[in-house]
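Notes follow the structure.
Just so it is clear, none of the values below were taken in a lab; they were calculated from the coordinates. Everything numeric in this text was worked out from a predicted model, so none of it was measured. A quick note on method: Cβ atoms are made from the backbone with ideal geometry, for glycine too, and the neighbour counts reach across all protein chains shown.
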Amino acid sequence: LEARLEAADLFKKVVEAIKDLVQHCNFDCNDSGIALQAMDNSHVALVSMMLTADTFTPFRCDRNIPLGIDLTSLTKVLRAAQSSDILTIKSEDAPDVVNLVFEGKDQDRISEYDLKLMDIDQEHLGIPDTEYAATASMPAADFKRICSDLLLISEAVSIECTKEGITFKAEGDIGNGSVTLRQHSDLENSDKNVDISLTEPVALSFSLKYLTGFCKATGLSNQVRLCLSNDVPLMVEYALANNSYLRFYLAPKIGD
Amino acid sequence: KTKQSGITSFFGKS
């Protein structure tokens, strides 16, 4: 494997966004790119990352290799990379370590780290192709704000999506709160758009602790997409350049 | 009253 990223920033942010949700995971490398799928310890949420080969310049991977990595350790190594550094990830065929090289853009500084790999026996789940009943795209910063505000009211949020908009409702001991985003197009700045497409109304409840955790990915993308169908996990997607993505799935809270 | 469901009850092991 040899994969070179123009800016370490992307990889730093991706790892930062998932490291509190999952601790040990395999980065599955093959000729289509670097993928990762992992559940959190309590098996409530799942993270699915894809960094396509096109994200790297260049990308080369001759054989399928899983790189089992402790994300806490990876975070320590990535701290040494500045956001604008060129990052190269390298690995041998049957590796004990993954090699990370950071090169300063304008300087003659080259940092090189070897990170020990671990054997991780990870369950791989089949995520069914789903035609979601409702899809809502919104500014990622707005979603983060809504989740953190409502977490102060309750540990759960009910998300209701209709043609009129998407509503987040929390009911807690101190009272209730709700936020509605209406569909709108900002002609000056499409990053501000709220776009809703719906085949049938949905209403589902989720843990805000997990949703606020997903929002650590906010810096990766201006917009976030929520995909919902009744009685299936919510998908929260941060789309990245070159068809890469960071997706989180969250199992709903259901009636007792 | 609601309870948290698990992700594995929706996504099968492959």
Gap separating the Cα centres of the stretch A:222-249 and the stretch A:1-32, nearest whole Å: 17 Å
Once the Cα gyration tensor of the stretch A:115-221 is diagonalised, what are the square roots of 5 times its eigenvalues, in whole Å and ordered largest first, as equivalent ellipsoid semi-axes? 26, 20, 17
Excluding same-chain residues fewer than 8 positions from A:K192, which lysines have a Cα within less than 22 Å of its Cα? A:K13, A:K144, A:K163, A:K169, A:K216
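What is the ratio of the Cα radius of gyration of the stretch A:20-76 to 2.2 N^0.38 Å, where N is its residue count, to two decimals?
Ratio of Cα Rg to 2.2 N^0.38 Å: 1.21.
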Output ³J(HN,Hα) for the stretch A:10-21: one whole-Hz value per residue in order, computed from phi by the Karplus curve 6.51 cos²θ - 1.76 cosθ + 1.60 with θ = phi - 60°, and x for Gly and Pro. 4, 5, 4, 5, 4, 5, 4, 6, 10, 5, 8, 8
Determine, for A:V224, A:V232, A:V97, the number of other Cβ atoms within 10 Å of each Cβ, and report the residues in order from fewest to most. A:V97, A:V232, A:V224
Over the Cα atoms, compute the radius of gyration (one decimal) and Dmax (the largest Cα-Cα distance, rounded to a whole number) for the stretch A:163-252, in Å. 14.1, 45
Helix-only estimate, please: 222 nm mean residue ellipticity of the protein assembly as shown, summing -39500 (n - 2.57) across DSSP H runs of length 4 or more and dividing by its residues, to the nearest 500. -4000 deg cm²/dmol
hull vol. (C-alpha, convex hull) per residue for the stretch A:1-131, Å³ -> 116 Å³
Spelling out what I want: for every residue of the stretch A:109-126, take phi, set θ = phi - 60°, compute 6.51 cos²θ - 1.76 cosθ + 1.60 (Karplus), and round to whole Hz; glycine and proline get x. 8, 10, 10, 9, 10, 10, 10, 5, 9, 10, 7, 10, 8, 9, 6, 9, 9, x
Please arrange B:K13, A:K216 by how many other C-beta atoms lie within 10 Å of their C-beta, fewest to most. B:K13, A:K216
Given the convex hull of the Cα atoms of the stretch A:87-126, what is a quarter of its surface area in nm²? 4.3 nm²
Max mean-square fluctuation residue, GNM over chain A, Cα-Cα springs under 10 Å, options A:A136, A:A241, A:A38: A:A241
Would you mind checking the tilt of helix A:140-151 against the longest principal axis of the Cα atoms of chain A, expressed as 0 to 90 degrees and rounded to 10? 60 degrees
Could you line up A:L234, A:L181 from fewest to most neighbouring Cβ atoms inside 10 Å? A:L181, A:L234
Using only the alpha carbon atoms of the protein assembly as shown, find the Kirkwood hydrodynamic radius as the inverse mean reciprocal pair distance, in angstroms to one decimal. 19.7 Å
Taking amide H positions as placed 1.01 Å from N in the peptide plane, with prolines and chain starts having none, which residues 5 or more places from A:N193, or on another chain, fall under 5 Å of its amide H? A:D186
